[in-house]
Amino acid sequence: MSAHGERTFGDVVLRVDDVSLSFGGVQALANISFEVRDGQVLAIIGPNGAGKSSMLNVINGFYHPQQGTITYKGETRRQMKPHHAARQGVARTFQNIALFKGMSTLDNIMTGRNTKMHKNLFWQALHMGPARKEELEHREFVENIIDFLEIEHIRKTPVGRLPYGLQKRVELGRALAAEPELLLLDEPMAGMNLEEKEDMSRYVLDVNDEFGTTIVLIEHDMGVVMDISDHVVVLDYGRKLADGSPDEVRTNQLVIDAYLGVAHD
Amino acid sequence: MLYREAGQFKTSYAKDQAIFPILQDRVMMVLMLVVAFVGVPMLASEYWLSTIMLPFLVFSLAALGLNLLTGYAGQLSLGTGGFMATGAFAAYKLAVAFPEMNIVIVFLLSGVITAAVGVLFGLPSLRIKGFYLAVATLASQFFLIWMFNKFPWFTNYSSSGVISAPPRAVFGDFFVTGSSASPANKYLFTLVIVCVLALAAKNIVRSHVGRSWMAIRDMDIAAEIIGIKPLQTKLGAFAVSSFYCGISGALWAFIYTSSVEALAFDITRSFQILFMIIIGGLGSILGSFMGAAFIVLLPIFLSNAPTMFGLNISVDLISHMEFMIFGALIIFFLIVEPHGLARLWQIGKEKLRLWPFPY
Amino acid sequence: MEFLTAIFVSPFIEIYEYPLFFIEVVLGGLLAGVMYSLVALGFVLIFKASGVFNFAQGAMVLFAALTLVGLIEHGFPIWLALISTIIVMIALAMAIEKVVLRKLVNQEPIILFMATIGLSYFLDGFGQTLWGSDVKVLDLGIPNAPIEFLGILVNQFDLVAAASAGTLVAVLAIFFQKTRIGRALRAVADDHQAALSVGIPLKTIWAIVWAVAGLVGLVAGIMWGTKLGVQFTLTLVALKALPVLILGGFTSIPGAIIGGLIIGMGEKVAEVFWGAAFGGAIEDWFAYMLALAFLLFRPQGLFGEKIIERV
């Protein structure tokens, strides 16, 4: 059972099909397949080193799998450039925060709108006419995100000076600024206290509800996973152990073994 | 108490995005411009104009160019001298080939040509980073200088390898280039160009283009993942930076020295400009100017200091001592404030905002 | 057409017609390359152990050579001058660690790089303030006449240089592999944090590594100084070592050696056989272009490891 109660979802937006990825001799992912439906919140769980982050990296084109395909919005591919994925509506956050340390909160979130800003250098240099208008429009959009995430007070603060929890929030803001159709969140609540986790859960659910954004997230806190996800994929040592609703996964013997640490043969 | 922003409320995003959102800063800027445009030409001697103010402005422009590339886009370059030379020789060929062309157009075109050359030599930045890239940019430095030295076509077959700027006027008989133009004309013309280009640079770095440069600088992988194209962004930075350096080189050849040879833009020039942005402040427009002022004034001070203190030291020794003091000062500055004069200025302003109640 | 012939046809005909001359050029280039390797070696040592791109390596070469020649001119016997110079270089390394590096711990690499440029200015000025700036002759009695070997002319001095470089590398290898300090150095090169956590004193290590780099600089200074005379232009030799570094990788000692050989040989062959087609003096930039072209295919250098990026 999920927090949303019984929900229905649209078509499959993302299909991962038989993906394998290795670095040198290390097999990071082995024959992984699963589907994400439009509007779903899907959690990928598993012990450390299970290949969760690698999975996200494959989905947004940062790693290129040796085998298998990704089908996103009807387009099947094995390799793509990350910036191409971004332009197709895939946005993400990172396990170890990847903000632009030298820039303010506002500027960081504004970079999320970069793919939507096109006025050429000449107008930019003059800071007049269409460039100015464009800048102000996008600023307004970004200010709405800042309101939504309740980070107005740190708008002009360089992100390097912010505490961890706030940095995570700014990073979410940057991803949201791209108006993603598919949002990938890599441990959005790692290292947070209970209150911060609750806040973050609320933002994730709000994004999903209000904008209908499809979300794939990685999370270790089982309470959070069970609360907010509609579907769970379990990875272990690069293999898929289980794939189902939170309740199905919770009672799956393989998953229980993996988490309780039954010896691998 | 005077430097306060209390009571100044911004009622629109447009006002919040102004370059100087605080009233006192705006007043200060206007005052500085008045001094630069009216005070300096009236008060400064010709000697001061042509040996301090002109090199300061020309260097500032080059520092600005390098700062866009290194300070904002994070691509370390040691090829500034080569790009300045490109600008100088492009302007010379253009001015001689098209005597009717307005000198402003000549300078702009030489900037564009340098931008193209910059993009060419910026291509390796797609594969390599950091110090590897810095060394790779040395290739452009050595190659370009060799080329201008080696092929007499660039100097119109002058036997000495020196190019002399032809006299050109911006309008009427307001001559700005060549050895006969008055220092005041030269100064004003250069000042206008530098001010316009500095404003343009400021506008670019606060636009989405500037943000994409800084994103690449701060974390290139994350930048690519949020949709910034590394190729376009880095080459864009190389192009804009080289445009500035090219114009700076053209101003150097046409206005500051009036005649120049390729060796004036050798590797030491590149280092000199790099010093300016480090001492002034990486990623700061104001810092580019501060760094240029520092590097222009320091040798003048050092070579005059012994006489000021009544010491009698041989010229040779003075030049060696200059090297030593220069090196030591750079290390000292890096230890005291690695983020440069611009950061010191900023800290000073923050202190001033709280003064006289620091708590 | 003429130009294309000069590039694609004539040089090869020349090589074919005078194979011995070609071999001589290659050999001369390789031996000159050894000299580049010597300078590059100093860079690599410091970069490996402290992550500092030490631009002052060239200045250290000059400073060492100047000190040695200066002491000899003041009537020191050669052995005493050598020992004194070694002591000076060690003292210099300790001073650099104390005054510069220690104060800049944890700064960004570019800041440290800038500091070493400042250091190189300082050393250039300091050395010349102490010893004057005239070109000095350094004569340690190394023979400099060409000898014939299997019909090929080889410069004796180059052979001595190659032998000294070989010895130096061997000594360094033993030092790194067999001594306690050597092992500590390798540990630091692998992982600063881990080395610190097992109790290796980073500051001492840095001083040692700078001292070693200073001694390598002294050897390079003796070689280059004998060849070119001890003068300011020696610092420019350092610039020639940079393409060697990108070719060989910043962290690889074999890379520095092989990179130096490739650059030395490529440069000589290009100058002799192709130089005329480009109007001569292509030595100025050829090494950089060669390294650059190479980088485009192998960004991590000849011996660097492929980097897997993570997020």
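Observations
- Top-ranked residue of segment B:10-50 - restricted to ones that are among the hydroxyl-bearing types (S, T, Y) and away from every other protein chain (no Cβ under 14 Å), ranked as surrounded by the most Cβ atoms within 10 Å (Cβ to Cβ): B:S50
- Of all the criteria given as (1) of a type in the set (S, T, N, Q); (2) touching a Ser or Thr at 6+ places or on another chain (Cβ under 9 Å); (3) farther than 30 Å from C:P109 by Cα, the one not satisfied by B:T114 is (3).
- Output for segment A:74-97, where each listed residue is surrounded by fewer than 21 Cβ atoms within 10 Å (Cβ to Cβ) and under 25 Å from A:E219 (Cβ atoms): A:Q88, A:G89, A:Q95, A:N96, A:I97
- First in segment A:247-259 and closer than 19 Å to A:G49 by Cα, second anywhere and outside any helix (DSSP H, G or I) and small (G, A, S), Cβ under 8 Å, 6 or more apart: A:L254/A:A242; A:V255/A:A242; A:A258/A:G46
- Criterion applied to B:I335, B:I330, B:I313, B:I318 was being at pLDDT 75 or above, more than 23 Å from the chain's Cα centre (by Cα), within 12 Å of another protein chain (Cβ to nearest Cβ) and under 29 Å from B:W48 (Cβ atoms), and the one residue passing it is B:I318.
- Matching residues, segment A:117-129, being hydrophobic (A, V, I, L, M, F, W, C), assigned to a helix (DSSP H, G or I) and within 9 Å of chain B (Cβ to nearest Cβ): A:L121, A:W123, A:A125, A:L126
- Residues of segment A:127-138 that are modelled with pLDDT of 80 or more, farther than 12 Å from B:A14 by Cβ and exposed (fewer than 15 other Cβ atoms within 10 Å of the Cβ): A:P130 alone.
- The condition of being facing chain B (nearest Cβ under 8 Å) and not in a loop (DSSP other than H, G, I, E, B) does not hold for A:A98.
- Some residue of segment C:197-204 being of a type in the set (A, V, I, L, M, F, W, C), over 26 Å from C:V160 (Cα atoms), assigned to a helix (DSSP H, G or I) and at pLDDT 80 or above: no
Yes/no per residue for (1) free of Cβ contacts under 8 Å to residues at least 60 places away in the same chain; (2) among the β-branched types (V, I, T); (3) within 14 Å of chain B (Cβ to nearest Cβ):
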residue: C:L123; (1), (2), (3): no, no, yes
residue: C:D139; (1), (2), (3): no, no, no
residue: C:I152; (1), (2), (3): no, yes, no
residue: C:V171; (1), (2), (3): yes, yes, no
residue: C:I174; (1), (2), (3): yes, yes, no
residue: C:A194; (1), (2), (3): yes, no, no
residue: C:I208; (1), (2), (3): no, yes, no
residue: C:L215; (1), (2), (3): no, no, no
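- Count - residues of segment B:294-346 that are part of a helix (DSSP H, G or I) and touching a residue at least 40 places away in the same chain (Cβ under 8 Å): 13
- Among the residues of segment A:101-116, those that are over 29 Å from A:V41 (Cα atoms) and within 7 Å of another protein chain (Cβ to nearest Cβ) comprise A:K101, A:G102, A:M103.
A quick yes/no check of all residues on (1) within 26 Å of C:I90 (Cβ to Cβ); (2) of a type in the set (V, I, T); (3) modelled with pLDDT under 85:
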site: C:V212; (1), (2), (3): yes, yes, no
site: C:T235; (1), (2), (3): yes, yes, yes
site: C:F250; (1), (2), (3): yes, no, yes
site: C:G264; (1), (2), (3): no, no, no
site: C:W274; (1), (2), (3): no, no, yes
site: C:E283; (1), (2), (3): no, no, yes
site: C:A291; (1), (2), (3): no, no, yes
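- Annotation: of all residues in segment C:239-252 being in contact with a helix residue (DSSP H, G or I) (Cβ under 6 Å, 6 or more places away or on another chain) and more than 11 Å from every other protein chain (Cβ to nearest Cβ), the one that is surrounded by the most Cβ atoms within 10 Å (Cβ to Cβ) is C:G248.
- Candidates in segment A:184-223 are the residues that are assigned to a strand (DSSP E or B) and among the aliphatic types (A, V, I, L, M); of these, the one that is nearest to A:A91 (Cα to Cα) is A:L184.
- A:L254 being buried (at least 16 other Cβ atoms within 10 Å of the Cβ) and more than 19 Å from A:G173 (Cβ to Cβ): no
- One residue alone among A:R7, A:R37 is surrounded by fewer than 15 Cβ atoms within 10 Å (Cβ to Cβ) and under 16 Å from A:V232 (Cα atoms), and that residue is A:R7.
- Selection within segment B:224-258: residues that are of a type in the set (G, A, S) and part of a loop (DSSP other than H, G, I, E, B). The member of this set that is farthest from B:V209 (Cα to Cα) is B:S258.
- Those residues of segment C:71-98 which are within 14 Å of chain B (Cβ to nearest Cβ) and either surrounded by 14 or more Cβ atoms within 10 Å (Cβ to Cβ) or in a loop (DSSP other than H, G, I, E, B) (or both), in sequence order: C:L92, C:I96, C:E97
Yes/no matrix, rows are residues, columns are (1) buried (at least 24 other Cβ atoms within 10 Å of the Cβ); (2) more than 9 Å from every other protein chain (Cβ to nearest Cβ); (3) without any contact (Cβ under 8 Å) to a residue 60 or more places away in the chain; (4) under 20 Å from A:F94 (Cβ atoms):
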{"position": "B:W213", "(1), (2), (3), (4)": "yes, yes, no, no"}
{"position": "B:D218", "(1), (2), (3), (4)": "no, no, no, yes"}
{"position": "B:I221", "(1), (2), (3), (4)": "no, no, yes, yes"}
{"position": "B:I225", "(1), (2), (3), (4)": "yes, no, yes, yes"}
{"position": "B:W252", "(1), (2), (3), (4)": "yes, yes, no, no"}
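- Among the residues making up segment B:188-198, a single one is within 10 Å of another protein chain (Cβ to nearest Cβ) and free of Cβ contacts under 8 Å to residues at least 60 places away in the same chain: B:V196.
- Near pairs, Cβ below 6 angstrom, 6+ apart or cross-chain, from segment C:105-119 (more than 7 Å from chain B (Cβ to nearest Cβ) and under 11 Å from C:F53 (Cα atoms)) to any residue that is β-branched (V, I, T) and not in a helix (DSSP H, G or I): C:L112/C:V52
- Qualifying position, being farther than 29 Å from B:L286 by Cβ, within 14 Å of another protein chain (Cβ to nearest Cβ) and either among the charged types (D, E, K, R) or out of contact with any Gly (no Cβ under 6 Å at 6 or more places or on another chain) (or both), among B:F175, B:F151, B:F171, B:F131: B:F151
- Strands (runs of 3 or more DSSP E) enclosed by segment A:10-69 - at least 2 residues per element that are farther than 17 Å from A:R92 by Cα: A:12-23, A:26-37
- Qualifying residue in segment C:138-155 (condition: assigned to a helix (DSSP H, G or I) and not basic (K, R)): no
- Residue match in segment B:174-187 (condition: crowded, with 19+ Cβ neighbours inside 10 Å, in contact (Cβ under 8 Å) with a residue 12 or more places away in the chain and within 19 Å of the chain's Cα centre (by Cα)): yes
The values are calculated or read from the model by the stated rules, or taken from the named source; none is laboratory data. This one's a predicted model, so the numbers in the text were calculated from it and none came from an experiment. Reconstructed Cβ throughout: ideal geometry from the backbone, glycine too, with neighbour counts over all protein chains shown.
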